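The values are calculated or read from the model by the stated rules, or taken from the named source; none is laboratory data. Everything numeric in this text was worked out from a predicted model, so none of it was measured. Don't worry about glycine lacking a Cβ; one is built from the backbone with ideal geometry, like all the others, and counts go over all protein chains shown.
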Amino acid sequence: MITFDKTISLEEYNHLRSLVDWYQVSERQFITSIPKSIFITVGRDSETGKAVSMARAVGDGGYHLLVVDVIVHPDYQRQGIGKQMISQLMDFVHTSYIEEGETTMVSLLSAKDKEPFYEKFGFFRRPNDERGAGMSQFYTQTVKGEIQ
Ligand SMILES: CC(C)(COP(=O)(O)OP(=O)(O)OC[C@H]1O[C@@H](n2cnc3c(N)ncnc32)[C@H](O)[C@@H]1OP(=O)(O)O)[C@@H](O)C(=O)NCCC(=O)NCCS
């Protein structure tokens, strides 16, 4: 059985990230970023206590909400865990993030070929006829202050 809580250690976080080949974060980044999550859910195997999934969201508390770090351990995928986490997140949006009559923009950067998973929750792909593509860059600081 999977139980959900809101706590994760640096080791657990980086382990989940390594499973999907994402950059590792430093202790400083972890301490700074995780407590600023507007929403976080961590799935644990109740038999082992091991963190097997997570999802979180960051935002400005008003209009924008960005869904990040959606990870399900490969051994636990396709068992409905991702669906439970995004459902929890969308419940949070509906009940706690905005007030009656307001609109919020919930965004995410889908991993390749995971778009159908998110479309089930109402997300649409970009670019489309009306909107351009989402854009990103990865920047690694080698020497502080030095522009690469
Ligand atoms: C994408 C991911 C979070 C899905 O989690 P999951 O627990 O395996 O998904 P679920 O079992 O909850 O699936 C929910 C629904 O989405 C569907 N689904 C899941 N992955 C899918 C995929 N890659 N393509 C199409 N549909 C998918 C399931 O069939 C299920 O459909 P149903 O509700 O009609 O039965 C998980 O595969 C994952 O962590 N992948 C690696 C990391 C990653 O890519 N994260 C996303 C970054 S944005």
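Here are the numbers for the structure shown:
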read-out: Pairs where the first residue, in the range 74-95, is in contact (Cβ under 8 Å) with a residue 60 or more places away in the chain and assigned to a helix (DSSP H, G or I) and the second is among the charged types (D, E, K, R) and away from the ligand (no atom under 12 Å from the Cβ), C-beta under 8 Å, 6+ apart; value: Tyr76/Asp45
read-out: Test: residue in the range 31-49 that is out of contact with any strand residue (DSSP E or B) (no Cβ under 8 Å at 6 or more places or on another chain), small (Gly, Ala, Ser), closer than 23 Å to Met1 by Cβ and at pLDDT 95 or above; value: yes
read-out: Subset of the range 124-147 that is closer than 25 Å to Gly61 by Cα and more than 16 Å from the ligand (Cβ to nearest atom) - its residue that is surrounded by the most Cβ atoms within 10 Å (Cβ to Cβ); value: Arg131
read-out: Selected residue (criterion: nearest to Ile2 (Cα to Cα)) from residues of the range 54-73 that are touching a Ser or Thr at 6+ places or on another chain (Cβ under 7 Å) and either assigned to a helix (DSSP H, G or I) or near the ligand (Cβ under 6 Å from one of its atoms) (or both); value: Val72
read-out: Per-region count, the range 24-49, residues in contact (Cβ under 8 Å) with a residue 12 or more places away in the chain, in a loop (DSSP other than H, G, I, E, B) and surrounded by 11 or more Cβ atoms within 10 Å (Cβ to Cβ); value: 3
read-out: Out of Asp91, Asp60, Asp69, Asp21, sole residue that is under 16 Å from the mean Cα position of the chain (by Cα) and buried (at least 19 other Cβ atoms within 10 Å of the Cβ); value: Asp69
read-out: Enumeration of residues in the range 95-123 that are under 15 Å from Ile71 (Cβ atoms) and either more than 8 Å from the ligand (Cβ to nearest atom) or not hydroxyl-bearing (Ser, Thr, Tyr) (or both); value: Leu108, Leu109, Ala111, Lys112, Lys114, Phe117
